[in-house]
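Laboratory data are not the source of any read-out in this text; all were calculated from the coordinates shown. Because the structure is predicted, anything quoted here is derived from the model rather than measured. Ideal geometry is used to build each Cβ from the backbone, glycine not excepted, and the neighbour counts take in all protein chains shown.
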Amino acid sequence: MTATSELLFEGGDWDFPTLQRIHDACEGIARTELGIDVYPNQIEVITAEQMLDAYSSVGMPLFYKHWSFGKHFAHQEASYRKGLMGLAYEIVINSSPCISYLMEENTATMQALVIAHAAFGHNHFFKSNYLFKQWTDADGILDYLDFAKNYVAQCEERHGRLAVEQTLDAAHALMSHGIDRYPGKKKLDLRAEEKRARERRLHLESAFNDLWRTVPTGAAKSEAVLNVERRRNLLGLPQENLLYFLEKTAPRLHSWQRELLRIVRHIAQYFYPQSQTKVMNEGTATYVHYRIMNRLHEQGRISDGNFLEFLQSHTNVVFQPDFDDRRYSGFNPYALGFAMMQDIERIVSNPDDEDREWFPDIAGKGDATAVLRDVWANYRDESFIAQFLSPRLMRHFRMFHLHDDPEERAGIKVDAIHDARGYRRIRRELARQYDVGFIDANIEVVDVDLAGDRRLMLRHAVVKGAQLNDADAKRVLQHLADLWSYDVSLVEADAAGNTVKEYIVTPRKLAAAA
């Protein structure tokens with residue numbers, strides 16, 4: 001290909017007109033050659049300190065105040081100043097417009113890489129992937145965060161900082177158990193949340209009063225008054241979304257506390273798709289920036305020197321340490337995701353006999369970008385790896401599977417190697433490591449003793465002997481008991497239904513709201 005235009009920039013210096021030229025050039029390639037569809041882009045340049053501040057508030061541009069964010073900021077700032085950690089080149093927000101934060105210290109080459117990576121790679125994934133379509137509201141998240149920030153500030157003024165802080169502490173501890181994990185409920189309209197807040201709180205209070213009016217106040221009555229089946233149906237049990245259950249049912253929470261739980265629950269739901277698509281999301285963005293930057297170089301819009309700078313940064317991003325390297329901490333999602341995207345492109349464009357056997361639906365199909373767009377839209381990490389991890393990549397990464405079960409035999413054995421059965425076993429076991437149903441604790445509210453001491457009863461289904469960490473379980477259950485205001489019990493049960501361990505926690509006396 002011959003050069004189509006002059007260089008977008010020279011050297012490492014840049015200004016805002018340069019960023020505009022880079023963005024427009026990347027957009028032209030992304031839309032015409034890759035078929036990428038994105039939300040409108042909003043690019044903001046921030047300092048290192050602002051990047052650290054964004055880190056501390058989990059990357060959100062607007063967030064309510066909480067002491068934990070300041071703690072994270074102080075720790076990360078100290079590590080950064082001492083040279084013990086680096087900073088990300090960018091942070092991108094799943095919103096419409098899609099906000100990409102660029103570090104002002106970046107060179108022009110790095111700004112081009114980041115724009116291609118975040119403003120087009122991540123942006124397209126946010127807009128097209130089915131999980132984000134099901135669970136997030138890109139149009140409403142920024143307005144909702146602004147509402148949440150103002151609401152928390154108003155609660156602190158009206159009810160006292162300590163009371164609000166204790167409620168948020170408990171909600172944050174339960175955040176990972178405040179998620180609807182299966183589709184079927186109506187998608188949230190975050191733009192309407194602020195308008196409905198007052199009506200919702202009044203409705204919840206009336207519904208709560210009607211429910212708890214049925215609790216016996218005198219001597220215990222017969223089971224006919226409130227049998228188990230009716231009680232469970234009335235409370236919507238079993239319920240895995242603990243924050244939702246507390247918001248609707250906790251007997252002593254004030255209406256403002258219920259709204260705080262709802263805010264934390266919505267934010268947890270916002271991050272739910274990202275936790276399931278780390279490999280795919282980063283793999284997509286890395287593949288897109290690699291294609292765009294190579295194309296800009298082919299067109300003569302990036303010099304050889306700047307392109308070499310890009311290749312060095314790209315190589316660092318996709319570096320995968322060996323298992324015996326001190327830096328090894330599992331598979332680098334950038335490395336695995338990018339390698340799989342490139343491998344799919346190879347299988348579609350130039351397959352061998354092995355590829356035709358393993359991937360008959362896409363091998364030799366010819367249109368790699370169309371296949372990749374379909375993959376980006378319809379898979380999550382677990383299904384993506386289970387479907388598209390090829391024997392060639394398993395050999396490239398030198399994957400094998402170790403099995404360690406003291407109940408079966410002493411010591412560790414190699415359970416899967418590079419043969420037909422081994423490839424399928426390795427792929428299945430690796431995919432399972434990204435399955436939220438396997439890696440997240442399955443904890444549900446199963447009953448409430450309304451006729452007795454009102455104890456809240458939870459159950460943890462133990463999978464393959466993986467029990468809860470004792471100290472963490474006690475701390476989180478303490479927060480749960482504080483919100484519930486009565487005793488809480490948690491039973492850990494194995495697949496046969498046998499009780500492995502039981503926790504019982506009593507609520508603490510918390511600060512009274514002003």
Item checked: P(r) of segment 441-505 over all Cα-Cα pairs, binned every 10 Å from zero, in whole percent -> 22, 54, 22, 1
Notebook entry, point to check: Which loop-located GluC sites (Glu not before Pro) does segment 289-386 contain, where loop means any DSSP state but H, G, I, E or B and the Cβ has at most 13 other Cβ atoms within 10 Å?
Noted result: none
Check: Past the 32 Å Cα-Cα mark, which pairs from K133/K509; K65/K464; K278/K365?
Finding: K133/K509; K65/K464
Note to self: Which of M341, M394 has the fewest other C-beta atoms within 10 Å, and how do the rest follow up to the most?
What the structure shows: M394, M341
Next item on the list: Could you list K127, K464, K474 in order of exposure, starting from the residue whose Cβ has the fewest other Cβ atoms within 10 Å?
Entry: K464, K474, K127
Checklist line | Residue order, fewest to most beta carbons within 10 Å, for K248, K278 | finding: K278, K248
